[in-house]
Amino acid sequence: MSLFLTFEGLDFSGKSTQVRRLADRLRLARREVLVLREPGGTPVGEAIRTILLDRSNASLTPSAELFLFSASRAQLVEQVIRPALAAGTVVVCDRFVDSTTAYQGGGHGIDAEVIAAVNRSATGGLEPHMTFFLDLPDDERHRRQVAASVERDRMESNSTEFYARVRRAFLELAEHESRFKRLDGLRSETDLADEIWNTIEPELQRHGARI
Ligand code: ADP
């Protein structure tokens, strides 16, 4: 199997910036690479994404949210991620199962055992080889959100306390999961990109991704 890499963190932590930089480097190194984002990545997943981000769905319950994210993930794993990995492609995903643990578990307080069972079912047990967690203090997250001055979607409209719980859940994962690598999101884009690349390069050899 090839290499499966995921990026986690709060919105505006720099995930998509690092995903883009990593994909560029992988292509320069002549690797087949597939970039995905959650929720989405399949026709069903994109339809679910629209529901999840739509601000007019403010009444969506945490439990409904859990199943919608997980339904999108189940489609993505089965239809896209597993076949790509089997073909030797490096798969880079912006958010994956740990976002559910952090947002629906840590943020919304859904029982950890329920989260674990739903996550297992959605992924069929597929785990990333490595997960990069871009950690950012809330004031900087807020500053970047204001600077971006885009209208907030439903998922970006939570309270400061909610984000604090989500961040704590990510930090806990980083402490207990060996595949997790916490990165200080305050560092420069190029610094972060270099560290990520230096971490991944030896793994590329080990996992025999297709050249
Ligand atoms: P995410 O995908 O996690 O929401 P983005 O990659 O879109 O985050 O970045 C959010 C904002 O922060 C963008 O305006 C981006 O230019 C900026 N940004 C990304 N990485 C850094 C960094 N290391 N330092 C400062 N600003 C950054």
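The values are calculated or read from the model by the stated rules, or taken from the named source; none is laboratory data. Quick caveat: nothing in here was measured; it's all calculated off a predicted structure. FYI the Cβ positions are ideal-geometry reconstructions off the backbone, even for glycines, and counts take in every protein chain you see. Protein only, heavy atoms only, side chains kept; ligands, DNA and RNA dropped before computing areas. Shrake-Rupley method; radii C 1.70, N 1.55, O 1.52, S 1.80 Å.
Every residue in region 193-211 that is part of a helix (DSSP H, G or I) and either open to solvent by less than 50 Å² (accessible area, probe 1.4 Å) or farther than 14 Å from LEU3 by Cα (or both), please. Hits for region 193-211 are ALA193, ASP194, GLU195, ILE196, TRP197, ASN198, THR199, ILE200, GLU203, LEU204, HIS207. Of all the residues in region 1-60, those that are surrounded by 19 or more Cβ atoms within 10 Å (Cβ to Cβ), within 14 Å of the ligand (Cβ to nearest atom) and assigned to a helix (DSSP H, G or I) number 4. In region 104-115, the condition of being in contact with a helix residue (DSSP H, G or I) (Cβ under 8 Å, 6 or more places away or on another chain) and under 24 Å from PRO202 (Cα atoms) is met by no residue.
Of the helices (runs of 4 or more DSSP H) lying entirely inside region 72-177, those carrying at least 1 residues that are open to solvent by 60 Å² or more (accessible area, probe 1.4 Å) and free of Cβ contacts under 8 Å to residues at least 60 places away in the same chain are 82-86, 112-123, 138-148, 160-176.
When the criteria are applied in full, ARG179 meets the requirement of being under 28 Å from VAL91 (Cβ atoms) and of a type in the set (Lys, Arg). The set of residues from region 178-192 being under 19 Å from ARG25 (Cβ atoms), near the ligand (Cβ under 8 Å from one of its atoms), surrounded by fewer than 20 Cβ atoms within 10 Å (Cβ to Cβ) and of a type outside the set (S, T, N, Q) comprises ARG187, GLU189, ASP191.
If I filter region 191-199 for residues that are closer than 28 Å to ASN57 by Cβ and in contact (Cβ under 8 Å) with a residue 60 or more places away in the chain, do I get at least one hit? No; the residues of region 191-199 include none that is closer than 28 Å to ASN57 by Cβ and in contact (Cβ under 8 Å) with a residue 60 or more places away in the chain.
Got a number for residues in region 138-164 being touching a Leu at 6+ places or on another chain (Cβ under 6 Å) and of a type in the set (Asp, Glu)? Adding up the residues that qualify gives 1. Answer yes or no as to whether ARG187 is out of contact with any helix residue (DSSP H, G or I) (no Cβ under 7 Å at 6 or more places or on another chain), basic (Lys, Arg) and under 17 Å from PHE96 (Cβ atoms). No, not satisfied.
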